[in-house]
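Report on the following structure.
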Amino acid sequence: MSILVIAEHDNEEIKASTNNVVTAATNLEGDIHVLVAGSNCSGAKDQATKIAGVAKVLVADSPEYEHCLAENIADLIVAISANYTHILSPATTNGKNYMPRVSALLDVAQISDITSIESSDTFERPIYAGNCIATVQNSDSKKVITVRTTAFDAAQNDGSAEVVDLQESHNLGISEFIKEEIAESDRPELTAADVIISGGRGMQNGDNFKILESVADKLGAAIGASRAAVDSGFVPNDYQVGQTGKIVAPNLYIAVGISGAIQHLAGMKDSKVIVAINKDEDAPIFQVADYGLVADLFTAVPELDAKL
Amino acid sequence: MKILVPIKRVVDYNVKVRPKADESGVDLNNVKMAINPFCEIAVEEAVRLKEAGTATEIIAVTVGTSASQEQLRTALALGADRAILVETDVEVEPLGIAKVLKGIIDKESPDLILLGKQAIDGDNNQTSQMLAALSGYAQATFASELKIEGEKAVVTREVDGGLQTISVNLPCIVSSDLRLNEPRYASLPNIMKAKQKPLDVIEAGTLGVDIEPRNKTLKVSPPPVREAGIIVETVEDLVDKLKNEAKVIT
Ligand SMILES: Cc1cc2nc3c(=O)[nH]c(=O)nc-3n(C[C@H](O)[C@H](O)[C@H](O)COP(=O)(O)OP(=O)(O)OC[C@H]3O[C@@H](n4cnc5c(N)ncnc54)[C@H](O)[C@@H]3O)c2cc1C
Ligand SMILES: Cc1cc2nc3c(=O)[nH]c(=O)nc-3n(C[C@H](O)[C@H](O)[C@H](O)COP(=O)(O)OP(=O)(O)OC[C@H]3O[C@@H](n4cnc5c(N)ncnc54)[C@H](O)[C@@H]3O)c2cc1C
């Protein structure tokens, strides 16, 4: 029996989250196969073959998989699921979308957002915004799992897996892609960045995020935000860090004008070093910060920028 | 158009939950309970569709103990027309909840099922997708905009890279994200009126579906604690610490 990892990719490239899931899969017993389902996805396929520890790359290259519509991808995964004991995907918005559909079609429970693999049937996962860690044992014959990518290192890219072309067509025809507004950015992706600087309601408006951008440029950082900053329209939704946004764990997280609500902390408190800049010395963010600076951000951030 | 809104009773989002001392579960003694915020957004969206003349009836449903009637009354006060409690003492997992909800869909034949994307206690983010699978319906998860256009729903979704718009055939499953709308507060007259609205109680057992948990919680422990940090006096100190102590910048 083997383990199936569903690749996260944009047809051209494999996303690093796939490498994190492959590392998680190495804690289980069996060959690791990676499914690349997409359209004109030979770029992603080639990269997948290089992920260390992967035995086979299964490729389903067909127009109906181009936009990762859950209905089609789930049917494809179910169709090839017979020989796998575990099916894993990253807990990205794609994985969160199709994996529960897969598990319901297979009549098994899903184990969401695992942070540790204790054995082939026992896993740790955070609940209640990370305020509790549950150890759960699953009794289903197949385990369908989404993986919190920050909990596992990325597998290296020095492997050489065999490629298997799948002739699987699954087009339910009940959903259709219309358009996508994907932010183009030269910055690293939030979930893969070494350094993140995030702004909150204290930033006051979107324009003021420029002062964070300048620091980010110097540090090679990604830019994040609190829900309040997104809801207020300062920055787009994909900036949101937190329980219900993105989970991040960079080497350095700088929180600027963010109070530190439970829901925000849930998304960043596993960062290696946390810096908080806030003018309120009682802000809860200081309870998790390694280095706190009680100051007005509009003077502190430009000063930081100048000193870097 | 008939809309079904499954809602969940959860610990209020302001409560910081802790594991029990013996790690057998979560300590929920005397904590404040509320309707899951994402479910509240789902109810609000349904009410707006009704106010716009698109929807004719809104049914709120929950799976849980009789205490969950409180959250159903909240949904009724926000504008749902009637409510159903599927009563059970079992700690039902998303798959079981989806099976129960499928039973309700079979009885009520709604055109649209609006759920929250995630319950803020279990944080599973599974139920709507599982319900879509069991019904054979299309799913539009993490919605930040919903438009009904004839026999289709056009939904903008919050995805990792930004926004994605898809069109799905009705009936379909939609799960709400934070930016779908800003829920209203229930007015006092509406809270009073909600007490008169119909609330049916069904025993989960009568639906004939398997809701036995597949997962066993072996223990619930506290997360690792971060060691207390320090307050630096100046930006200069901060940069020095980051360079020479933490060594995270050069
Ligand atoms: C269901 C649900 C899900 C949620 N999910 C998330 C999530 O995923 N992510 C998330 O972040 N939140 C989430 N939230 C929201 C969360 O509860 C908080 O409301 C939010 O994180 C607050 O954002 P903030 O810290 O930017 O704003 P505030 O709490 O308003 O804090 C602003 C801070 O800025 C400081 N400040 C103001 N001006 C200055 C200045 N000039 N200089 C320095 N400091 C200044 C203030 O002292 C204050 O501490 C969620 C809430 C709910 C109910
Ligand atoms: C300590 C502990 C650990 C647990 N661990 C697990 C675990 O590992 N795996 C697991 O599957 N379960 C687990 N559970 C059970 C879990 O907490 C939930 O009760 C259940 O799984 C539902 O998941 P969710 O609410 O997170 O669903 P989500 O899928 O996050 O909920 C999304 C939406 O589905 C709808 N919905 C959810 N529940 C209901 C309901 N009862 N009635 C009507 N609509 C509803 C709502 O619209 C909600 O917004 C655990 C419970 C405890 C106390």
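The values are calculated or read from the model by the stated rules, or taken from the named source; none is laboratory data. Since the structure is predicted, the reported quantities are computational estimates derived from the model, not experimental observations. Reconstructed Cβ throughout: ideal geometry from the backbone, glycine too, with neighbour counts over all protein chains shown. The area values use the complete protein model at the heavy-atom level, side chains included, leaving out ligands, DNA and RNA. Shrake-Rupley method; radii C 1.70, N 1.55, O 1.52, S 1.80 Å.
If the reach is capped at under 22 angstrom between alpha carbons, list the lysines near A:Lys50, excluding any in the same chain fewer than eight residues apart.
A:Lys15
Quick one: work out the % antiparallel among DSSP beta bridges in chain B, nearest 5.
40 percent
Once you have the alpha carbon radius of gyration of the stretch B:182-225, what is it after dividing by 2.2 N^0.38 Å, with N set to its residue count?
Dividing the Cα Rg of the stretch B:182-225 by 2.2 N^0.38 Å gives 2.15.
How big is the charge dipole of the stretch A:208-301 about its Cα centre, in debye rounded to the nearest 20, if each Lys and Arg gets +1 on its Cβ and each Asp and Glu gets -1 on its Cβ?
200 debye
Is the stretch A:143-209 best put as rounded, prolate or oblate by its Cα gyration tensor, with a ≥ b ≥ c the root eigenvalues, rounded for a/c under 1.5, and otherwise prolate when a/b is larger than b/c, oblate when not?
The shape class here is oblate.
Which of the aspartates and glutamates could a cross-linker span from B:Lys147 if the Cα-Cα distance has to be under 13 Å and same-chain partners fewer than 8 positions apart are dropped?
Of all the aspartates and glutamates, those that pass the test against B:Lys147 - Cα under 13 Å, at least 8 places apart if same chain - are B:Glu45.
Bin all alpha-carbon pair distances of the protein assembly as shown at 20 Å intervals from 0 and give each bin's fraction as a whole percent.
22, 55, 23, 1
Pairs of alpha-carbon atoms within less than 8 angstrom and 6+ residues apart define the contacts here; what relative contact order does chain B have, in percent?
In percent, rounded to a whole number, it is 23.
Using alpha-carbon positions, what is the distance between the centroids of the stretch A:67-112 and the stretch B:90-156, in Å?
Using only Cα atoms, the two centres lie 16 Å from each other.
Along the Cα→Cβ direction, 7 angstrom out, place labels at B:Lys20 and A:Glu168. What is the inter-label distance in nm?
With each label point 7 Å from Cα toward Cβ, the separation is 4.2 nm.
For the protein assembly as shown, what proportion of DSSP beta bridges, expressed in % and rounded to the nearest 5, is antiparallel?
35 percent
Let me make sure I get this right: for the stretch A:34-73, a, b and c are the square roots of the gyration tensor eigenvalues over alpha carbons, sorted descending. Under 1.5 in a/c it's rounded, otherwise prolate if a/b > b/c, else oblate. Which is it?
Taking the square roots of the gyration eigenvalues as a ≥ b ≥ c, the stretch A:34-73 is prolate.
Taking the Cα centre of the protein assembly as shown as the origin, how large is its charge dipole in debye, to the nearest 20, when only Lys and Arg (+1) and Asp and Glu (-1) carry charge on their Cβ atoms?
1280 debye
Let's see if you can work this out: charge +1 on each Lys and Arg Cβ, -1 on each Asp and Glu Cβ, no other charges. What is the dipole magnitude of the stretch B:138-247 about its Cα centre, in debye to the nearest 20?
About 420 debye.
So for chain A, averaging the separation of alpha carbon pairs under 8 Å that are six or more residues apart and normalising by length, what relative contact order in percent results?
With pairs under 8 Å counted, the relative contact order is 15 percent.
What does the average come to when, for each residue of peptide B:218-225, you count the partner chain Cβ atoms lying within 10 Å of its Cβ?
6
Give the calculated FRET efficiency between A:Asn83 and B:Lys247 to the nearest 0.05, with a Förster radius of 56 Å applied to their Cβ-Cβ distance.
It comes out at approximately 0.75.
Once the Cβ-Cβ distance between A:Asp46 and B:Glu145 is put in as r, and R0 is 30 Å, what FRET efficiency do you end up with, to the nearest 0.05?
After rounding to 0.05, the efficiency reads 0.25.
Under 27 Å between alpha carbons: how many lysine pairs meet that in the stretch A:96-221, if sequence neighbours fewer than 8 apart on the same chain are excluded?
Summing the qualifying lysine pairs gives 4.
May I ask for log10 I(q)/I(0) of chain A at q = 0.10, 0.11 Å⁻¹, from a Debye sum over the Cα atoms as equal point scatterers with solvent left out?
For chain A at q = 0.10, 0.11 Å⁻¹, log10 I(q)/I(0) is -0.59, -0.71.
At a temperature of 37 °C and a viscosity of 0.692 mPa s, determine how fast the stretch B:30-106 diffuses translationally according to Stokes-Einstein, using the Kirkwood radius over alpha-carbon pairs as Rh; express D in µm²/s, rounded to the nearest whole number.
247 µm²/s
Once you've got the Cα coordinates, tell me which of B:Lys50/B:Lys193; A:Lys45/B:Lys152; B:Lys117/B:Lys193 are over 26 Å apart.
A:Lys45/B:Lys152; B:Lys117/B:Lys193
Give the cross-link partners of B:Lys216 among the aspartates and glutamates, using a straight C-alpha distance below 13 Å as the criterion and excluding same-chain residues fewer than 8 apart.
Cross-link targets: A:Asp121, A:Glu124, A:Asp140, B:Glu91, B:Glu93.
Over chain B, give the accessible area per residue in Å² for a 1.4 Å probe, as an integer.
44 Å²
Note the angle between two axes, namely the Cα long axis of helix A:70-79 and the longest principal axis of the Cα atoms of chain A, as a number of degrees from 0 to 90, rounded to the nearest 10.
40 degrees
So which DSSP H runs in chain B come out at 15 Å plus along the axis (Cα) with average Kyte-Doolittle of at least 0.0?
Those that clear 15 Å and a mean of 0.0 are B:37-51, B:94-108.
Can you flag which of A:Lys279/B:Lys20; B:Lys197/B:Lys219; A:Lys279/A:Lys307; B:Lys32/B:Lys219; A:Lys272/B:Lys8 are past 31 Å Cα-Cα?
Result: A:Lys279/B:Lys20; B:Lys197/B:Lys219; A:Lys272/B:Lys8 exceed 31 Å.
I'd like the distance between the alpha-carbon centres of the stretch A:161-233 and the stretch B:186-249, rounded to an integer number of Å.
Taking the Cα centre of each part, the stretch A:161-233 and the stretch B:186-249 sit 23 Å apart.
Just check the stretch B:122-188 against the gyration tensor rule for me: Cα atoms, a ≥ b ≥ c as the square roots of the eigenvalues, rounded for a/c under 1.5, and otherwise prolate or oblate depending on whether a/b exceeds b/c.
rounded
Would you be so kind as to identify which of A:Tyr291, A:His86, A:Gly224 lies farthest towards the positive end of the dipole of chain A, taking Lys and Arg as +1 and Asp and Glu as -1 on Cβ and the Cα centre as origin?
Value: A:Tyr291.
I'd like the FRET efficiency for A:Ser139 and A:Ser2, computed as 1/(1 + (r/R0)^6) with the beta carbon distance as r and R0 of 30 Å, rounded to 0.05.
Here the calculated transfer efficiency is 0.90.
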